[in-house]
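The values are calculated or read from the model by the stated rules, or taken from the named source; none is laboratory data. Small disclaimer: the values here were computed from a predicted structure and weren't measured. Every residue, glycine among them, receives a Cβ derived from its backbone with ideal geometry; neighbour counts consider all protein chains shown. Areas reflect the complete protein model, heavy atoms only, side chains present, ligands, DNA and RNA absent. Shrake-Rupley method; radii C 1.70, N 1.55, O 1.52, S 1.80 Å.
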Amino acid sequence: MTIHQMINLSTTALPHGSPGLDLYAAAKHHFVSFHGFKNLGFGYESCNAAVAVKKTSALPTYADFSVCFGSSRLHAGLDPVFNEMSDDINPNNPFASSQKEQHAEQTAILIGEHEYALWTDGNGRCHVYVDYSPCDNCEPWLRNRPEDWVVYYRVPLNSSSTMVKERKDTHKTQFGQFFGSKFK
């Protein structure tokens, strides 16, 4: 099949209830626990993804679908749900990407199709959100998939520094700065 459409959420207004907006909201608000700290979001620099899967009570659910997550840093052992599904966790390197070189959208889609089932809209299209536009590895990978995809992204890959700054500022506002063993 192909990538049916790529939509930049920073420049395109979508209608309320759009799968892309729901996937973006799910990825933005996905929190994990790590070493006793709760409500930690994905890392500032990591690329995060959310793919729509058929409804299941095991995952966050929106109007028509549930959401399965992927991150370029999930393989560090930061997500308890992913840890149960993967044989490729490396907690000794908390900022490692996948040893299998799976990027965020690849991880989300592979988990989504193997552990659940990919959700399709009324036109038979699958939907995935990824923080950054697909890289030179991921775009051909998506184009060679058997499904027809709508890909939503927050910023172009070459503008990732703007999103990193936005995340840092948001986390400082929500959680304070982390110094040693306490939040200030």
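Give the peptides 138-148, 60-70 in descending order of average Cβ contacts within 10 Å, highest first. Before the final figure, lay out each step's value.
Values: 138-148: 15.1, 60-70: 20.6.
Ranking, from highest mean packing down: 60-70, 138-148.
L157 sits with roughly 80 Å² accessible to a 1.4 Å probe, with DNA, RNA and ligands left out of the calculation.
Using the structure shown, select from K55/K168; K55/K165; K54/K168; K28/K165 the pairs with a Cα to Cα distance greater than 23 angstrom. Present the calculation step by step, with values, prior to reporting the outcome.
On the way: K55/K168 32 Å; K55/K165 34 Å; K54/K168 33 Å; K28/K165 14 Å.
Long pairs (Cα-Cα over 23 Å): K55/K168; K55/K165; K54/K168.
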